[in-house]
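Q: The structure follows.
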Amino acid sequence: MGRRPRTARERFAAWGNTAREQFAARWDIARLLPHAGHGLVAALVGTDLLLGCLPVVFTVATAAVLGRVPAAVEAGVGSGAWHSLVAVFAVAAGAFVAGQLLSPVERALGELVARRVDGRVFDELMAASLRSTGLGPLEDQRALDALRSAARELEFGVQSPGRAATGLLALIARYTELTGCAVAIGVVFSWPAATALVVTVLLFRHGQRGGLRRYAMTRSRLAAGRREVDYLRDLAGGAAAAKEIRVFGLLGWLRQRLRDTHLRHLEPLWAERRAIYLWPFVRFSVVGLVVTGAVFAVVGATAHELTLTGFVLVATSALGLLRLAEHYPEADLPTAIGMRAHDAVRRFAEHVDAHEQEHGQRHPGTALRSPVPEPVGAIRFERVAFRYPGQDRPVFDGLDLTIPVGRRTAVVGVNGAGKTTLVKLLARLYEPTAGRITLDGVDIRRFPVDEWRARLGVIFQDFVRYEASVADNVGLGAVGSPDDRATIREVVDSVGLTEAVARLPRGLDTPLARHLTGGAELSGGQWQRVALARALFALRRGCRVVVLDEPTASLDVRAEAGFFEEFAGLAGSATTLLISHRFSTVRHADLIVVLEHGRVTEQGGHADLLARDGRYAELFRLQADRFADAAG
Ligand SMILES: Nc1ncnc2c1ncn2[C@@H]1O[C@H](COP(=O)(O)OP(=O)(O)OP(=O)(O)O)[C@@H](O)[C@H]1O
């Protein structure tokens, strides 16, 4: 935070900066308005203008009614003065009724504008989050948090860019009324008095909005606390942790933690809110009373110069003006914090761009694009080094690894050896920090990333269980290919799911989520088979390399034992890469690679490696004993 301005000059400069920032912020909001459609925005602007004019008409007409009462009473019912009184009364009543009728119209139009603007920002958010081809930019926790909270704000639409846009337009009504009241006072009474009142109102508004800016800053500073509260709420209310919370008896702990986190988050906000709402209110009351008193004193002293209508008009307009110094709930908070979601989306998009640009500068040669050739020789990791963004310790530091095309390669290693990271690098979800990965001698960064990925069928350890039909869950292995039921059926049968699918209420079309109509839930092992079917489907649709990361984790012992040969048979001549920490499942691979401390420590065939009696042999025997125990 900068030093508080002390001298008048510094204060003036700070005030100028704030004004510029405010103007830029409003301009940003205004630039979103065209997304709502010009016609709709014009209708809302017209309605807000009318809503600003009607109270002024009402004030003027009411003053005119009061001014006409003595003459009308004296002239009696049916006289010209009486008719004139009735006419202005009709105008006042009309203005009042029109205001009442227009308010809901303005709200409805505002709702529509807000929804359209939010829809547009949501599209931008989707584009920004899918813009990055890799996972690198998603490692920045702050950018990710901002994006997540933006999505939430857009979803609930409470303080969203759409609300900021309608809030900005709502100011038209307020400032039209303010101008109208000031003009009434200026015309009827005194322009200096009108100017003094307007300046007082604007200064007070400025003070209040300054408080709101502070409040908005406090809210974003406390965003991390808010996220923790959301996380704990999801944990308590969601299905994911329901089992553990009950079994471990975590309810009490969860309740206490939620309460503590909530209070930690809310207390500074409450304190800030008191400062924002209490002190400006006190100041406003004092300033308002003094100014009102002064204006009334002058009006009173010169009342003999005013007609009754004039006097009432000046008095009510002055009160109306001072009322406009209040907080505008429909505009102030939405314009102060409603753009956070939009800013977060913009920041994230910039972050992604910077990341891609930096990558392009680090690897200038890879900008050249060439089509992915039909693999014939090998995929090679050549002196590959890699460190996750923000981490000090490298996962790989000079990794050399050859995956022969058309063969079955298995990469084994203990937990944390870097097996999944290797797959992520191969799929270009991250790029090596040094070295390169090649296909038949060509750096894979030279291939368009989508084309390269279309040649890879990767089933990750934590593959996604889509809440969609069985057929879709399999077909997602190769999106864009025509709806090929015959192949889907064939791969589903080949992974041993025929009976399980036949038992589902709608067969292949059964949604795999119990909460969906006609939906069903599969067991962990059945899900794993669905994922395998997804990989096989990708192979049938043109992918050349299939990677399975821990594919047997949820399979039973019998299924696990025969898994590799079975899958290799189904995969035919494709290049297969099997990742596992279970040494016993990979014995039939053509090539077994042992990964340890980010390097290949051993490689060869099963018999070879056993004969060598090294790390592989040690871990194989260790696990084989356990495996035999479990099977026996
Ligand atoms: N997104 C990430 N950010 C930072 N570090 C990570 C990330 N993902 C993995 N790591 C670290 O990288 C190392 C290798 O992880 P990796 O998941 O590749 O291991 P693995 O061999 O697949 O392990 P496992 O058998 O347990 O799945 C580990 O030390 C892990 O903590």
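Q: Beta carbons within 10 angstrom, averaged per residue: use that to sort the peptides 566-575, 253-262, highest first.
A: Packing proxy ranking, top to bottom: 566-575, 253-262.
Q: Once you have a ≥ b ≥ c as the square roots of the Cα gyration tensor eigenvalues for the range 1-132, tell me rounded if a/c is under 1.5, and otherwise prolate or oblate according to whether a/b is larger than b/c.
A: oblate
Q: Would the chain count as rounded, prolate or oblate if I go by the C-alpha gyration tensor, calling it rounded below 1.5 in a/c and otherwise prolate when a/b exceeds b/c, oblate otherwise?
A: It comes out prolate by the Cα gyration axes.
Q: Whose amide H sits under 5 Å from the amide H of ALA513, counting only residues 5 or more places off or on another chain, with H placed in the peptide plane?
A: Sorted by chain and number, the residues that satisfy this are ALA520.
Q: Ranking CYS543, CYS181, CYS53 by Cβ neighbours within 10 Å, fewest first, what do you get?
A: CYS53, CYS543, CYS181
Q: Please give the peptides 340-347, 243-250 ranked by average Cβ packing (other Cβ atoms within 10 Å per residue), highest first, as a rough proxy for protection.
A: Highest to lowest by the protection proxy: 340-347, 243-250.
Q: What is the dipole size for the range 189-281, taken about its Cα centre, with +1 at each Lys and Arg Cβ and -1 at each Asp and Glu Cβ, in debye to the nearest 20?
A: It works out to roughly 40 debye.
Q: Could I ask something else about it? For PHE23, PHE189, what ranking results if the residue with the fewest other Cβ atoms within 10 Å of its Cβ goes first?
A: The most exposed by this proxy come first: PHE23, PHE189.
Q: Another one. Report, to the nearest 10°, how far helix 615-631 tilts away from the longest principal axis of the Cα atoms in the chain, using its own Cα long axis and a range of 0 to 90°.
A: Rounded to the nearest ten degrees, it is 80.
Q: Relative to the longest principal axis of the chain, what angle (0 to 90°, nearest 10) does the C-alpha long axis of helix 485-494 take?
A: 50
Q: Under the rule of at least 5 residues apart or a separate chain, name every residue whose amide H is placed under 5 Å from the amide H of ILE592.
A: Result for ILE592 returns ALA410, GLY604, GLY605.
Q: So, R0 is 30 Å and r is the distance between the beta-carbons of ARG11 and ASP230; what FRET efficiency does that work out to, to 0.05?
A: The value I calculate is 0.15.
Q: What is the set of long-range amide H partners of GLY435 at a cut-off below 5 Å, with H atoms built 1.01 Å from backbone N?
A: Placed amide hydrogens put ALA385 under 5 Å from GLY435.
Q: Take every DSSP beta bridge with both residues inside the chain and express the antiparallel ones as a percent of the total, to the nearest 5.
A: So the antiparallel bridges in the chain amount to around 55 percent.
Q: Right, here's the next one. Could you grab the relative contact order for the range 365-461? Cα pairs under 8 Å, six or more apart, rounded to a whole percent.
A: The value is 39 percent.
Q: Okay, moving on. Note down the relative contact order for the chain as a percent, whole number, built from C-alpha pairs under 8 angstrom at least six residues apart.
A: For the chain, the relative contact order is 14 percent.
Q: Find the relative contact order for the range 21-348 and round it to a whole percent, using C-alpha pairs within less than 8 Å whose residues are 6+ positions apart.
A: Result for the range 21-348 is 32 percent.
Q: Can you give the helix-only mean residue ellipticity at 222 nm for the chain, where every DSSP H stretch with n ≥ 4 adds -39500 (n - 2.57) and the sum goes over all residues, rounded to the nearest 500 deg cm²/dmol?
A: Per the formula, -21500 deg cm²/dmol.
Q: Helix 191-221 against the longest principal axis of the chain: what's the angle in degrees, Cα atoms only, rounded to the nearest 10?
A: Tilt relative to the chain: about 20 degrees.
Q: Could you please state, rounded to a whole Å, how far the C-alpha centre of the range 454-477 is from the C-alpha centre of the range 385-404?
A: One Cα centre to the other: 27 Å.
Q: Using the Cα gyration tensor of the range 351-468, with a ≥ b ≥ c the square roots of its eigenvalues, what is the shape: rounded (a/c below 1.5), prolate (a/b larger than b/c) or oblate (neither)?
A: rounded
Bear in mind that the values in this text are calculations on the coordinates, not laboratory data. Source: prediction; values computed, not measured. With ideal geometry, Cβ positions are generated from the backbone for all residues, glycine too; neighbour counts draw on all protein chains shown.
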